[in-house]
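A.B. asks: Structure incoming, see below.
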2 protein chains.
Amino acid sequence: MSNTPHLTFDLNDPGISKGHLVIPNGSDSEALSLPVFSLNKGEGPRLLITGGCHGNELEGPIVSRRLVDWLPEAQTCGRVIILPVLNLPAVQAWSRDTPVDGLNLNRVFPGRADGSVTERIADAVSRLILPMADTVFDLHSFGPKWDFPPASTTHPIADADLMAKTVRLAEAFRFPMTLVWEFHDTPGMFDTWAQSQGKVFVCVELGGGTVGSESLAIYEAGVRNALIALGLVDGKAEYLTYRQQKSSQTLATLSSDELKSPARGIFEPRCSVLDEVKLGDVIGILHSMDSLSADSIYIRAPTTSIVCAIKSGVHVDFNEGVALLARPLKV
Amino acid sequence: MSNTPHLTFDLNDPGISKGHLVIPNGSDSEALSLPVFSLNKGEGPRLLITGGCHGNELEGPIVSRRLVDWLPEAQTCGRVIILPVLNLPAVQAWSRDTPVDGLNLNRVFPGRADGSVTERIADAVSRLILPMADTVFDLHSFGPKWDFPPASTTHPIADADLMAKTVRLAEAFRFPMTLVWEFHDTPGMFDTWAQSQGKVFVCVELGGGTVGSESLAIYEAGVRNALIALGLVDGKAEYLTYRQQKSSQTLATLSSDELKSPARGIFEPRCSVLDEVKLGDVIGILHSMDSLSADSIYIRAPTTSIVCAIKSGVHVDFNEGVALLARPLKV
C-alpha cells in the first residue's frame, strides 16, 4: 500500500472512468477508498461535484449517484468529476463529524498529509482533485435536526468579481432559495480554500430533515438546471415546484439573524421554512422539561423577515440556534 | 434523598397538580425528577398519557406539553395523568436508548428497583403511575430515520375483547392510518406489561422524520379526537388533512412485510408513505459506496400493498429494514 494519496486511474483519460481516491492509512485508521467518477469530454467547463462531507447529509451522495447514471448520455463537453462520498466513515456512522477523530471535514481544509483521517481526506482532495476543476458544487444539507428548503448558498466573498459569478451560478439552480449567508466560522472550510484557489464554489444545501423521494427529485432537477447553465448538458431549465409553489428568491442572512434558545428545553417549531413573519410573530416555543409549572417561552421574530431554517422538535441547550431568518438580498 | 421512587404530590388530589416522579439515584446516575401533570375531575375514565420513552421521538413530549396547557379548560370529568418525558437522559441526548446503560426503555418493563437507570424508570412507572389508569396513550414516533404517517397502532393481543376495545380506541384518533402490527420483539414492552394488567394501551406513532409545525397540529388534533371518544373532553371529532388528503384507514402489517436491505450502502427512497404499490413497483434503490462500477440494486414490492413506513436517505447495513408494507385489516 502506497503511503501517499493517489487515484486508481488518470483523470486525464478520455470518456468515462470509475475508480477510487485512496486515502493512505495512518495510526488512526486503515486506508480508505473513496469512489470517484470522471467523464472527460475534452474542451469546456471543468466541474467537480462532491457529496457526503458531513455523514448525516445523504441527499448529496444520492443525487451524485443519480448523476453518475445519466451524465454519460447527457454531457456534451468539458469535464465532470464526482465524489459522492467525501467522508465515508462519517456516512457509515450517520454522524456529521468523523467518528474516529471527532473532526468536521469542512473545517480542516486544505488538510494535512500526516494528520488524522479527516485531515488526510482534505489533503488528498485539495492536492489531487480540486486542481482539476474550475467550478465546485459541494452538496450538503441542513441534516436531520433542521427543516430547510432546497437552496444554493454562498458566504460573502471579498473578491467582488468572484462573488458576482458565484451568486449568478447559485441562482441558476432555480431552487426556491438562493442564500448569501454571513457566517464567521469559516477557517478550514472547503469553500474558503477553493475560493482562495480562484474557483467558483457553490455550497448546495439540499433541504434538511427527512430525505424523501419527492424532495430528491427537486434536488436533482436543480443540479441539472445548473449543469445546463454551465453548458455541460443540453436542455431547458425547469422551475421547481416546492410545497405546491413555484418560486425562486435570493435572500441574505446575517450572523445576527440566528435566533438562539433562551433556555434549555424542548423546542417546538411554530412556523415553516419560507414563511414570511413580522415583528412579534411566534417562531417557536421552548418548553422546560425541568418542571411543568414553568411557563413555556415564546420565541418571536425580532423584525419582518423570511424564515430560512427552523429546527425540528428536539431538545436544545441554552443559546443553541433554533431558527435562521433572512431578507431579500440588496444588490 | 429517599431511596425509593416517589411522587412529590398525591395523584388522588382533586383538580390540577404539577410535580415530579422521582427516580432514585443508583451507582450509574443521580436521582431523576420526571415532570408529572395530573388533572383529577373525579368519576370517569382514568387516562395516562406518556411521551419521550425514546429520546429521539420528541413529537410526544411536545403534544403532551400542549395538552397540559389546554386540558384544564377542556376536561369535563375523570382523571388524566401526563408524563411528557419518560426518559429524560435519552431526550437530552437525542438518543433512542438511554446513554448511560444503553438500554431501550421499551424493552425493560416492568423494570427493577435495584436495576440500572432505565430499569429504575420502568419500575417507578409500573408501580406508581400505571395502576392509576385504565387506558394508556404512549406517544412515540418512528424517529428521525423514517418517514411514517400520523398513526395509532397496536400489536395483536391474545385477549379478543381487549384487542377489539384497543382497535376501536385506536381508530378514534382518526389518524390517516390505524395499524395492527405483528411484531415479535415484544418482551419488556410497556404495551405488553400494561395489557397484562388489563389496560387498554394505544401505541401512538406520531409520524417520523422532521418534527414540523404542520404535522404537530395534526398529531394534537388526533389526540383530541381520542379524548373526545373517551368522554373526557366535549367537542366534535375532526377528520385530519394529511398531505392534502382526508382519509383514515385501518391496516395490518406482518413481520414478513418488512423489506430488508440486500446489501450495505446508501438507501434512496423511491416512494412515499401511504402510496399504493403493486408487485414489482420500485420501493427504493440501494447504492453501493464501495464502488461506482457496481450496479445499484432496485428494491421492489413483492405484492400489492400500501407503504406504511419508508426509511429516509441513510446508510444501511445488510439486512437492515428499509420499508414496511401493509394491507387493509380483515376483520
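The values are calculated or read from the model by the stated rules, or taken from the named source; none is laboratory data. On a predicted model such as this, the values are computed, not experimentally measured, just so you know. Note: ideal-geometry Cβ built from the backbone for every residue, glycine included; neighbour counts use all protein chains shown. Accessible surface areas use protein heavy atoms only, side chains included; no ligands, DNA or RNA. Shrake-Rupley method; radii C 1.70, N 1.55, O 1.52, S 1.80 Å.
A.B. asks: Only residues that are surrounded by 16 or more Cβ atoms within 10 Å (Cβ to Cβ) and more than 23 Å from A:Lys330 (Cα to Cα): list them for region A:154-191, please.
C.D. replies: Listed by number, the residues that qualify are A:Gly188, A:Met189, A:Phe190.
A.B. asks: Which of the residues spanning region A:1-12 are within 14 Å of chain B (Cβ to nearest Cβ) and either aliphatic (A, V, I, L, M) or surrounded by fewer than 11 Cβ atoms within 10 Å (Cβ to Cβ) (or both)?
C.D. replies: Matches in region A:1-12: A:Leu7 only.
A.B. asks: If you don't mind, another one. Criterion first (more than 9 Å from chain B (Cβ to nearest Cβ), open to solvent by less than 60 Å² (accessible area, probe 1.4 Å), touching a residue at least 12 places away in the same chain (Cβ under 8 Å) and closer than 28 Å to A:Val202 by Cβ) does A:Leu286 satisfy it?
C.D. replies: no
A.B. asks: Hey, can you tell me all the residues within region B:51-65 that are touching a His at 6+ places or on another chain (Cβ under 9 Å), more than 8 Å from chain A (Cβ to nearest Cβ) and either open to solvent by 10 Å² or more (accessible area, probe 1.4 Å) or outside any loop (DSSP other than H, G, I, E, B) (or both)?
C.D. replies: Within region B:51-65, B:Gly51, B:Gly60 meet the criteria.
A.B. asks: With respect to A:His6, is the statement that it is touching a residue at least 12 places away in the same chain (Cβ under 8 Å) and touching an Asp or Glu at 6+ places or on another chain (Cβ under 9 Å) true?
C.D. replies: no
A.B. asks: Exactly one of (1) facing another protein chain (nearest Cβ under 10 Å); (2) surrounded by fewer than 20 Cβ atoms within 10 Å (Cβ to Cβ); (3) within 13 Å of A:Val125 (Cβ to Cβ) is unmet by A:Val36. Its number?
C.D. replies: (2)
A.B. asks: Which ones in region A:11-50 are part of a loop (DSSP other than H, G, I, E, B) and within 9 Å of A:Ile81 (Cβ to Cβ)?
C.D. replies: Of everything in region A:11-50, just one residue is part of a loop (DSSP other than H, G, I, E, B) and within 9 Å of A:Ile81 (Cβ to Cβ), namely A:Leu11.
A.B. asks: Report, by residue number, each residue of region A:13-24 that is in contact with a Lys or Arg (Cβ under 9 Å, 6 or more places away or on another chain) and either surrounded by fewer than 18 Cβ atoms within 10 Å (Cβ to Cβ) or β-branched (Val, Ile, Thr) (or both).
C.D. replies: Within region A:13-24, A:Pro14, A:Gly15, A:Ile23 qualify.
Rundown of residues vs (1) more than 14 Å from every other protein chain (Cβ to nearest Cβ); (2) more than 17 Å from the chain's Cα centre (by Cα); (3) surrounded by 24 or more Cβ atoms within 10 Å (Cβ to Cβ), yes/no style:
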| residue | (1), (2), (3) |
| --- | --- |
| B:Arg127 | yes, yes, no |
| B:Pro131 | yes, yes, no |
| B:Phe137 | yes, no, yes |
| B:Asp147 | no, no, yes |
| B:Ala151 | yes, no, yes |
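A.B. asks: What is the one condition in (1) under 20 Å from B:Arg65 (Cα atoms); (2) part of a strand (DSSP E or B); (3) touching a helix residue (DSSP H, G or I) at 6+ places or on another chain (Cβ under 8 Å) that B:Leu130 does not satisfy?
C.D. replies: Just one mismatch for B:Leu130, condition (2).
A.B. asks: Taking the stated definitions as given, is A:Ala122 out of contact with any strand residue (DSSP E or B) (no Cβ under 7 Å at 6 or more places or on another chain) and either assigned to a helix (DSSP H, G or I) or within 14 Å of another protein chain (Cβ to nearest Cβ) (or both)? Write out each step before concluding.
C.D. replies: Values: out of contact with any strand residue (DSSP E or B) (no Cβ under 7 Å at 6 or more places or on another chain): yes; either assigned to a helix (DSSP H, G or I) or within 14 Å of another protein chain (Cβ to nearest Cβ) (or both): yes.
The answer is yes for A:Ala122.
A.B. asks: So which residues in region A:199-256 are part of a loop (DSSP other than H, G, I, E, B), charged (D, E, K, R) and surrounded by fewer than 19 Cβ atoms within 10 Å (Cβ to Cβ), if there are any at all? Outline the logic, then answer.
C.D. replies: Pass one, region A:199-256, residues part of a loop (DSSP other than H, G, I, E, B): A:199, A:207-212, A:231-232, A:234-240, A:243-244, A:247-248, A:254.
Then drop every residue that is not charged (D, E, K, R), which leaves A:199, A:234, A:236, A:238, A:243.
Listed by number, the residues that qualify are A:Asp234, A:Lys236, A:Glu238, A:Arg243.
A.B. asks: Looking at (1) closer than 14 Å to A:His140 by Cβ; (2) open to solvent by 10 Å² or more (accessible area, probe 1.4 Å), find the lone condition where A:Gly111 falls short.
C.D. replies: All conditions pass for A:Gly111, except number (1).
A.B. asks: Follow-up question, since we're still on this one. Say whether the condition of being under 24 Å from the mean Cα position of the chain (by Cα), at the interface with chain A (Cβ under 9 Å from one of its Cβ atoms), open to solvent by 30 Å² or more (accessible area, probe 1.4 Å) and in contact (Cβ under 8 Å) with a residue 24 or more places away in the chain is met by at least one residue in region B:94-101.
C.D. replies: yes
A.B. asks: Given the structure, is B:Thr178 more than 14 Å from every other protein chain (Cβ to nearest Cβ) and not in a helix (DSSP H, G or I)?
C.D. replies: The answer is yes for B:Thr178.
A.B. asks: Would you please name the residue that is least open to solvent (accessible area, probe 1.4 Å), looking only at residues in region B:268-283 that are out of contact with any Pro (no Cβ under 8 Å at 6 or more places or on another chain) and away from chain A (no Cβ under 14 Å)?
C.D. replies: Selected residue: B:Gly280.
A.B. asks: Now for a different question. Could we say that A:Thr186 is in a loop (DSSP other than H, G, I, E, B), among the polar types (S, T, N, Q) and away from chain B (no Cβ under 14 Å) here?
C.D. replies: Numbers: in a loop (DSSP other than H, G, I, E, B): yes; among the polar types (S, T, N, Q): yes; away from chain B (no Cβ under 14 Å): yes.
For A:Thr186, the condition - in a loop (DSSP other than H, G, I, E, B), among the polar types (S, T, N, Q) and away from chain B (no Cβ under 14 Å) - is met.
A.B. asks: Continuing with this model, one more query. For region B:14-33, what are the residues that are under 22 Å from B:Gly231 (Cβ atoms) and within 11 Å of another protein chain (Cβ to nearest Cβ)?
C.D. replies: B:Ile16, B:Ser17 - these are the residues of region B:14-33 that are under 22 Å from B:Gly231 (Cβ atoms) and within 11 Å of another protein chain (Cβ to nearest Cβ).
A.B. asks: If only one of B:Gly222, B:Gly209 is on the phi > 0 side of the Ramachandran plot and touching a residue at least 60 places away in the same chain (Cβ under 8 Å), which one is it?
C.D. replies: Exactly one of B:Gly222, B:Gly209 is on the phi > 0 side of the Ramachandran plot and touching a residue at least 60 places away in the same chain (Cβ under 8 Å), namely B:Gly209.
A.B. asks: Then there is this: Take the residues in region A:66-84 that are without any contact (Cβ under 8 Å) to a residue 60 or more places away in the chain and within 9 Å of chain B (Cβ to nearest Cβ), then tell me which one is farthest from A:Thr50 (Cα to Cα).
C.D. replies: Here the answer is A:Asp69.
A.B. asks: Of the numbered conditions (1) within 13 Å of another protein chain (Cβ to nearest Cβ); (2) without any contact (Cβ under 8 Å) to a residue 40 or more places away in the chain; (3) at positive phi, A:Gly265 satisfies every one except a single condition; which is it?
C.D. replies: Checking A:Gly265 against (1) within 13 Å of another protein chain (Cβ to nearest Cβ); (2) without any contact (Cβ under 8 Å) to a residue 40 or more places away in the chain; (3) at positive phi, the one that fails is (2).
A.B. asks: Of all the residues that make up region A:294-331, how many are under 23 Å from B:Arg66 (Cα atoms), touching a residue at least 60 places away in the same chain (Cβ under 8 Å) and more than 14 Å from every other protein chain (Cβ to nearest Cβ)?
C.D. replies: Residues that pass the stated criteria total 1.
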